[in-house]
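As structure tokens, the structure follows; a few thoughts come after it.
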Amino acid sequence: AGGLEAVRGALIDDVALARAIKHRPGGGRIWLGLTSQTRSLRPYVTLGKIWAMVARAADTQLRHSLLLLAGAMLGMTLAYLLPPLATLGLPLHGDLAVASVGLLAWVAMSVAYLPTLGLYGVPRIWTASLPAAAALYMAMSVDSAIRHRRGVGSSWKGREYPLET
């Protein structure tokens, strides 16, 4: 696929590498999945570092499209935020059917998250963090879009990347 040279200038190097593999003559095969065999070379141990990592690339991944950003935010709101809000909001809205559907969706998202937690040895109670993690990711994505529109380029691996158009 051209080795590291093929992705040297890419802001989102893992996506650029996958694209290079897929576009090889004859089409390359890639696999995306979870494994306990891979270790990060750049651990992100603070919220600030995680925020910077996501914000540098989220708007680029959405091709700087406000329509794609709005769609992603709507989808994440429906999938991750609305179920707990519908469930916990029962005393406010008083609709048992809405709360029940919200609880069912919340349980479904939690059950879907369990294999990942199990693989990495994380206690099951962390399924409760999924809506909060989604809200943080949404905020990081919106921040990424705001940064781009303010003319702020990205910094990654000690290099400054110019603003993409």
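The requirement of being free of Cβ contacts under 8 Å to residues at least 12 places away in the same chain, within 15 Å of A133 (Cβ to Cβ), open to solvent by 40 Å² or more (accessible area, probe 1.4 Å) and out of contact with any Asp or Glu (no Cβ under 7 Å at 6 or more places or on another chain) is not satisfied by Y80. The set of residues from segment 27-73 being among the β-branched types (V, I, T) and under 13 Å from A139 (Cα atoms) comprises I50, V54. Filtering segment 110-129 to residues that are surrounded by 15 or more Cβ atoms within 10 Å (Cβ to Cβ) and touching a Lys or Arg at 6+ places or on another chain (Cβ under 7 Å) leaves only L117. When restricted to residues that are buried (at least 16 other Cβ atoms within 10 Å of the Cβ) and either part of a loop (DSSP other than H, G, I, E, B) or in contact with a Ser or Thr (Cβ under 8 Å, 6 or more places away or on another chain) (or both), segment 2-39 contains 3. Count, please, the residues in segment 60-72 that happen to be part of a loop (DSSP other than H, G, I, E, B) and open to solvent by less than 60 Å² (accessible area, probe 1.4 Å). Qualifying residue count, segment 60-72: 3. You will find that of S144, S100, the residue that is open to solvent by less than 70 Å² (accessible area, probe 1.4 Å) and without any contact (Cβ under 8 Å) to a residue 40 or more places away in the chain is S100 and no other.
Do we find that G75 is in a helix (DSSP H, G or I) and either modelled with pLDDT under 85 or surrounded by fewer than 16 Cβ atoms within 10 Å (Cβ to Cβ) (or both) in this structure? So G75 passes the test.
Checked against the criteria, V107 does not count as outside any helix (DSSP H, G or I), open to solvent by less than 80 Å² (accessible area, probe 1.4 Å) and out of contact with any Gly (no Cβ under 9 Å at 6 or more places or on another chain). Among the candidates P131, P83, single out the residue that is out of contact with any Leu (no Cβ under 7 Å at 6 or more places or on another chain) and either modelled with pLDDT of 95 or more or of a type outside the set (S, T, N, Q) (or both). From the options P131, P83, the qualifying one is P83. From the list A57, A86, the lone residue that is crowded, with 16+ Cβ neighbours inside 10 Å and touching a Gly at 6+ places or on another chain (Cβ under 9 Å) is A86. Restricting attention to segment 40-56, does a residue exist that is in contact with a strand residue (DSSP E or B) (Cβ under 7 Å, 6 or more places away or on another chain) and in a helix (DSSP H, G or I)? Yes; the residues of segment 40-56 include at least one that is in contact with a strand residue (DSSP E or B) (Cβ under 7 Å, 6 or more places away or on another chain) and in a helix (DSSP H, G or I).
The values are calculated or read from the model by the stated rules, or taken from the named source; none is laboratory data. Only a predicted model underlies this, so the values are computations on that prediction, with no experimental measurement involved. So basically every Cβ, Gly included, is an ideal-geometry build from the backbone, and we count neighbours across all protein chains shown. Accessible surface areas use protein heavy atoms only, side chains included; no ligands, DNA or RNA. Shrake-Rupley method; radii C 1.70, N 1.55, O 1.52, S 1.80 Å.
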